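Report on one structure; see the data block that follows.
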Amino acid sequence: MLSRPVVFVQIWKSWFSSHPLAGNKNIILMGPPGAGKTTVGRIVGQKLDCPVIDIDDDVLEATWNMSVSEKLQDVGREQFLEEEGKALLNFSASGSVISLTGSNPMHAAGMQHVKKNGIVVYLDVPTAVILSRLQSMKVDRIVGQSPGVSLKDILQFRKQFYKRWHDIRVLCGGDIAAEVVAEKVLDAVKRYQNSELETFISTRSSRSERSMTKDSDKYFSDVVTEGLAPDGGLFVPERGLPKFTAGEWQSLIEATYIERAQVILERCIHPADIPASKLAEIIGTAYGENFTCSKIAPVRHLAGNQFLLELFHGPTASFKDFALQLVPHIFAYCIPRSCNYLVLVATSGDTGSAVLDGFSRLHDTDKQRIAVMNFFPEDGVSPIQKSQMIGCQTENAWSVGVKSDFDFCQTAIKQILTNSGYTGFLTVEYGTALAAANSINWARLLPQVVYHASAYLDLVHQGIIPFGSPVDVCVPSGNFGNILAALYAKMMGVPIRKCICASNENNVLTDFIRTGVYDLRERKLIPTSSPAVDILKSSNLERYLYMIAKEDGQLVTQLYNELENKGCFQLGKDLLGKLQQDLVAGWCSEEDCLAAIHSVYSTTGYILDTHTAVAKVVADRLQDRSCPVIISSTAHYSKFAPAILRALRIAEINQNPVSQLHLLSSYSPLPPVHWSLLETLKKRGNEDHQVCAADMSMLMSHIETLIQSHFM
């Protein structure tokens, strides 16, 4: 029987013989000193039976006729980088495995030259591991390190260059063997060259339909721009989400939020759709200066075994900012230049202002070809949420109040997007395509996976738990997107035990998770002080059911046809059992929600928003305290000032939103009042907005009016 390494070599030689590196390109290994580039390069070269070139030994020393250390001593630190770059510019090879020096990426012209004929693979090793390896090698200084600068600081400084040049990243934990790293390099190269493997399908497609429609495969760029599948289903990756090993997750414990986001999203988005360098630029823009907390999504201890994941530090003060500071830039990159786009969004409160703010930050050239229309329930959001949405309107972004509830708005958008006659008319008549920015759009979910994973890693980093110990996650849920992202993080290897679904008095999800019956008959929407979860039709539940039904699109279609036609559906016993392995659920009354806000403030000085209070009440009831529970704090309390003031038992409440926030600030609360929200309210300007009846033709008329005014 052949051993695994021998079998592996044969498999790879066979694969590369039929799938050679495109254009006889090189595999270029890049990373800090001590990353193992030389050793890994030799193993990869042996497996592929191709030349191996070590830049230090085979290029620099051969060019200079002296050792690298002698050259460094001869010309000095700054001139050395230039001399090293010149040598790289004069170097050429093809079909080889090349191991760069740790400082090569700091010379732009040299890297541009070698990258032209190569796939750059970044061996991403945690800084602590590199420092340990360099210490064992008795290395205390590296190229580019100025006097007074620590080795740790220069390694951190160099990361910006690795981020700029890499095509592929390979995560390398502390104890990982070079042989394993080499296998991961080859796997990563194989993925890079096979974008056609990362296709998306509808939750309502059958296996026979998939085999018959290979010519119309959908990729990440397609699903971002299309939003909803033509058959009314939701797009999901055909091969599922990538899984990280325990070692790969552990390598991210010391990473910043932006670094974690980069790593996770690179694995979920193929570089053929968005190259790693462009993705890094987008992530940096989204999370750089737009968030008021440097940790982006900090985890704060609340009490006992409960921790808050604060998701409200973005510009519009809710968790929606995590996706909607990112998605507009992804959307602008992915859409074809030949067509204008109108992005439709339905909101129960927070999504609207987040969409409007996110798309307002695009470059002017992108704003000329992308417009946004936001539909919200006119009487179903908080006064501050409405003021935000009205104040965020621009020449290419409108808010329309609808005399109905969120479920009508969301259903209307789905019907409009799947109305081929209407969308075809808009394309022919106005050269404009429609897209969706709700969480029915796959790109909306991925950034949410990041913060659930990051929260777990933060607890490990803070020493609360060792890696591998489980946590529970409690999420206030209406449309099921946020909690679905936590379930996806679990699938990808984050040690989440149970996801606790917290509902307010609109407790259709609680009933469903407990009984397997999703029943909308005789159920009326109840307006509450937590409007983001005032939802009865939970769109993203469909993605979860598709996952646990083992990708049975026919079953999902049947269930949702029953919901549409009869107002209810029921899961079979086996499927309900699978669901209850992942989920538990509870709900919270208005009275208990406000009481929780008062109680927590009285004991800790911390103010929960109404949605977080719902989750806190449910977590208190359902969590068994055998492990930490991370409660998603999905919005800042400033957005719900009247309800918060009632909870704090303040008798007289001024109706002016700015006055309400000033009153809250006088209590010196934790966290402080969201001042960027206050500034938005102060300068909101035009209070006018369109209001229409709950009528499809009226919504379509508003859509055409915006298209005519902006694009014609």
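The values are calculated or read from the model by the stated rules, or taken from the named source; none is laboratory data. Treat the numbers as computed from the prediction; the structure is a model and nothing was measured. When we count neighbours, we look across all protein chains shown, and the Cβ atoms used for this are built from the backbone with ideal geometry, even at glycine. Areas reflect the complete protein model, heavy atoms only, side chains present, ligands, DNA and RNA absent. Shrake-Rupley method; radii C 1.70, N 1.55, O 1.52, S 1.80 Å.
Checking residue 555 against (1) hydrophobic (A, V, I, L, M, F, W, C); (2) in the same structural domain as residue 488 (by the TED database); (3) in contact (Cβ under 8 Å) with a residue 24 or more places away in the chain, only one condition comes out false. Which one?
Unmet for residue 555, out of (1) hydrophobic (A, V, I, L, M, F, W, C); (2) in the same structural domain as residue 488 (by the TED database); (3) in contact (Cβ under 8 Å) with a residue 24 or more places away in the chain: (3).
Which pairs turn up if I take residues in region 133-152 that are closer than 16 Å to residue 78 by Cβ and look for partners that are open to solvent by less than 50 Å² (accessible area, probe 1.4 Å) and among the small types (Gly, Ala, Ser) with beta carbon separation below 6 Å, at least 6 apart in sequence or on another chain?
Short answer, once both residue conditions are applied: 143/103; 144/103.
I'd like the full set of residues that are among the hydrophobic types (A, V, I, L, M, F, W, C), in a loop (DSSP other than H, G, I, E, B) and at pLDDT 90 or above, limited to region 665-707.
Correct list: 693, 694.
Could you name every one of the helices (runs of 4 or more DSSP H) located completely within region 559-629 that has at least 1 residues being farther than 30 Å from residue 664 by Cα?
Here the list reads 573-582, 610-622.
Where in region 193-310 are the strands (runs of 3 or more DSSP E), entirely inside, with at least 2 residues that are over 30 Å from residue 433 (Cα atoms) and open to solvent by less than 50 Å² (accessible area, probe 1.4 Å)?
Counting at least 2 such residues, we get 299-303, 306-310.
Can you pull out every residue in region 404-445 that is of a type in the set (Val, Ile, Thr) and either in a helix (DSSP H, G or I) or in contact with a Ser or Thr (Cβ under 8 Å, 6 or more places away or on another chain) (or both)?
Correct list: 411, 413, 416, 423, 427, 428, 440.
Here is a check on your reading of the model: is residue 649 of a type in the set (Lys, Arg), assigned by the TED database to the domain that holds residue 535 and either more than 21 Å from residue 319 (Cβ to Cβ) or assigned to a helix (DSSP H, G or I) (or both)?
On the way: of a type in the set (Lys, Arg): yes; assigned by the TED database to the domain that holds residue 535: no; either more than 21 Å from residue 319 (Cβ to Cβ) or assigned to a helix (DSSP H, G or I) (or both): yes.
Spelling it out, it is not the case that residue 649 is of a type in the set (Lys, Arg), assigned by the TED database to the domain that holds residue 535 and either more than 21 Å from residue 319 (Cβ to Cβ) or assigned to a helix (DSSP H, G or I) (or both).
In region 568-595, what count of residues is obtained for those that are among the aromatic types (Phe, Trp, Tyr) and within 20 Å of residue 499 (Cβ to Cβ)? Spell out how you get there, then give the answer.
From region 568-595, those among the aromatic types (Phe, Trp, Tyr) are 569, 587; that's our starting set.
If we keep only those that are within 20 Å of residue 499 (Cβ to Cβ) as well, we get 587.
Qualifying residue count, region 568-595: 1.
Can you name the residue in region 657-712 that is touching a Gly at 6+ places or on another chain (Cβ under 7 Å) and among the β-branched types (Val, Ile, Thr) and is also most open to solvent (accessible area, probe 1.4 Å) among such residues?
Filtering first and then ranking leaves 691.
So which of 410, 448, 393, 385 is of a type in the set (S, T, N, Q) and either more than 26 Å from the chain's Cα centre (by Cα) or at pLDDT 95 or above (or both)? I'd like the intermediate steps shown before the answer.
Values: 410 fails: either more than 26 Å from the chain's Cα centre (by Cα) or at pLDDT 95 or above (or both); 393 fails: either more than 26 Å from the chain's Cα centre (by Cα) or at pLDDT 95 or above (or both); 385 fails: either more than 26 Å from the chain's Cα centre (by Cα) or at pLDDT 95 or above (or both).
None of the other options fit; the residue is 448.
Look at residue 586 and say whether it is assigned by the TED database to the domain that holds residue 304 and more than 22 Å from residue 473 (Cα to Cα).
Considered against the rule, which asks whether it is assigned by the TED database to the domain that holds residue 304 and more than 22 Å from residue 473 (Cα to Cα), residue 586 comes out as no.
Provide a single number: the residues in region 144-168 that are open to solvent by less than 40 Å² (accessible area, probe 1.4 Å) and among the basic types (Lys, Arg). Please lay out each step first, then the result.
So the first thing to find is which residues in region 144-168 are open to solvent by less than 40 Å² (accessible area, probe 1.4 Å), and the list is 144-146, 151, 154-155, 158, 161-162, 165-168.
Now drop any that are not among the basic types (Lys, Arg), which leaves 158.
Total satisfying the criteria: 1.
Does residue 285 satisfy the condition of being touching a Gly at 6+ places or on another chain (Cβ under 9 Å) and hydroxyl-bearing (Ser, Thr, Tyr)? Lay out the reasoning, then the answer.
On the way: touching a Gly at 6+ places or on another chain (Cβ under 9 Å): no; hydroxyl-bearing (Ser, Thr, Tyr): yes.
In short, no.
Please work out which residue is farthest from residue 317 (Cα to Cα), limiting yourself to region 364-393 and to residues that are in a helix (DSSP H, G or I) and of a type in the set (Ser, Thr, Tyr).
365
Would you please list the contacts, defined by Cβ atoms under 6 Å and residues six or more apart or on different chains, that run from a residue in region 404-420 that is under 12 Å from residue 479 (Cβ atoms) to a residue that is open to solvent by 50 Å² or more (accessible area, probe 1.4 Å)?
Taking only residues 6 or more apart or on different chains, the pairs are 407/537.
Evaluate the following for residue 423: is it open to solvent by 30 Å² or more (accessible area, probe 1.4 Å) and within 25 Å of the chain's Cα centre (by Cα)?
It is false that residue 423 is open to solvent by 30 Å² or more (accessible area, probe 1.4 Å) and within 25 Å of the chain's Cα centre (by Cα).
When the residues of region 320-340 are filtered to those that are in contact with a Gly (Cβ under 9 Å, 6 or more places away or on another chain) and either among the hydroxyl-bearing types (Ser, Thr, Tyr) or open to solvent by 30 Å² or more (accessible area, probe 1.4 Å) (or both), which remaining residue is modelled with the highest pLDDT?
That would be 329.
Using beta carbons and a limit of 8 Å, which pairs, at least six apart or on different chains, have the first residue in region 31-52 and more than 23 Å from residue 154 (Cα to Cα) and the second one among the acidic types (Asp, Glu) and open to solvent by 10 Å² or more (accessible area, probe 1.4 Å)?
Filtered contacts from region 31-52: 41/54; 43/179.
Based on what the data block shows, is residue 322 touching a Pro at 6+ places or on another chain (Cβ under 8 Å), outside any loop (DSSP other than H, G, I, E, B), closer than 30 Å to residue 529 by Cβ and outside the structural domain of residue 532 (by the TED database)?
Yes; evaluated as a whole, the condition is true for this residue.
Mind checking which residues of region 114-143 are in a helix (DSSP H, G or I) and under 30 Å from the mean Cα position of the chain (by Cα)?
Pass one, region 114-143, residues in a helix (DSSP H, G or I): 114-115, 127-136.
Correct list: 115, 127, 128, 129, 130.
If I ask for residues that are in a loop (DSSP other than H, G, I, E, B) and either touching a Pro at 6+ places or on another chain (Cβ under 8 Å) or among the acidic types (Asp, Glu) (or both), which ones from region 144-171 would you list?
167, the sole residue that qualifies.
Could you tell me which of the residues 500, 526, 535, 513 is assigned to a loop (DSSP other than H, G, I, E, B) and open to solvent by less than 20 Å² (accessible area, probe 1.4 Å)?
535
How many residues are among the small types (Gly, Ala, Ser), open to solvent by 20 Å² or more (accessible area, probe 1.4 Å) and closer than 22 Å to residue 526 by Cα if we restrict to region 558-611?
Counting residues in region 558-611 that are among the small types (Gly, Ala, Ser), open to solvent by 20 Å² or more (accessible area, probe 1.4 Å) and closer than 22 Å to residue 526 by Cα gives 2.
Within region 589-603, which residues are among the aliphatic types (A, V, I, L, M) and touching a helix residue (DSSP H, G or I) at 6+ places or on another chain (Cβ under 6 Å)? It would help to see each step written out before you state the result.
Step one: of region 589-603, the residues among the aliphatic types (A, V, I, L, M) are 594-597, 600.
Residues satisfying the conditions are 594, 596, 597.
Within region 298-307, can you find the residues that are in contact with a strand residue (DSSP E or B) (Cβ under 6 Å, 6 or more places away or on another chain) and of a type in the set (A, V, I, L, M)?
Selection gives 299, 302.
What number of residues within region 525-561 are under 21 Å from the mean Cα position of the chain (by Cα) and among the charged types (D, E, K, R)?
So the count comes out to 2.
Taking residue 83 as the residue in question, decide whether it is under 18 Å from residue 56 (Cβ atoms), open to solvent by 10 Å² or more (accessible area, probe 1.4 Å) and part of a helix (DSSP H, G or I). If you could, list the steps in order and put the result at the bottom.
Working: under 18 Å from residue 56 (Cβ atoms): yes; open to solvent by 10 Å² or more (accessible area, probe 1.4 Å): yes; part of a helix (DSSP H, G or I): yes.
Yes: the conditions hold for residue 83.
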